[in-house]
Amino acid sequence: MINHFAFSQVNNPPKSVRESFQKTYPLSQPSHWDRTSGGWSVDFEDKDHDNGEATAHFSSTGRHIDTQVPYDNKDVPAPVVDNLHQKYNGSDNYAFTRIDRPGEKAVYQAQFTHQSKHKTLYVDEKGNTKDNPNRH
C-alpha cells in the first residue's frame, strides 16, 4: 500500500522570533508569518499602538528590525507632503508607509507617479529625503 502525503509550507518561526514579537507587541496577535531572506515578517493588527494593519520584520534570531504601517494621505505629517509637492510638482497617486525602527525616528516611504514614472522616496517627518531604511 502506498501512502500519499500532502506537504505544505508551514510558516512557523522559531521560538525566539515569536517571543520577540510578543514582547514588542504584547496586546497584538500575529495573523500571518512569512519567512524572508533575512528572517521573518509578520502581518498583524497593531493593538499596542492603535496603528491598524502593520507588518513587522524580525531577524532569524528574533531581533526586531522594523515595523511598516500603511498611512492614509490625510494622516501623513504636512511637511512630508509639502516637500514632495514642491520637489515633484504635478505628481499624483501618493501611497505612504511609515517605517519604524527601534531607536530611530520614523521614516515615511512615499510611492507616487511623476512625469509618467514610478518613484519611491524616503522622507523624515520634516520632509527631508533619507536613504532607504529597508535593510532586511
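Per-structure values
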item: Meets criteria (open to solvent by 50 Å² or more (accessible area, probe 1.4 Å) and either closer than 21 Å to residue 134 by Cα or part of a helix (DSSP H, G or I) (or both)) for residue 32; result: yes
item: Some residue of segment 112-126 being at pLDDT 90 or above and touching a His at 6+ places or on another chain (Cβ under 6 Å); result: no
item: Inter-residue pairs, beta-carbon under 7 Å, first of a type in the set (S, T, N, Q) and in segment 27-41, second open to solvent by less than 50 Å² (accessible area, probe 1.4 Å) and in a loop (DSSP other than H, G, I, E, B), 6+ apart; result: 28/48
item: When residues of segment 72-124 are limited to those that are farther than 20 Å from residue 56 by Cα and part of a loop (DSSP other than H, G, I, E, B), the one nearest to the chain's Cα centre (by Cα); result: 77
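The values are calculated or read from the model by the stated rules, or taken from the named source; none is laboratory data. Model, not experiment: these values are computed from the prediction. Reconstructed Cβ throughout: ideal geometry from the backbone, glycine too, with neighbour counts over all protein chains shown. Side chains included, ligands, DNA and RNA excluded: accessible areas come from the protein's heavy atoms. Shrake-Rupley method; radii C 1.70, N 1.55, O 1.52, S 1.80 Å.
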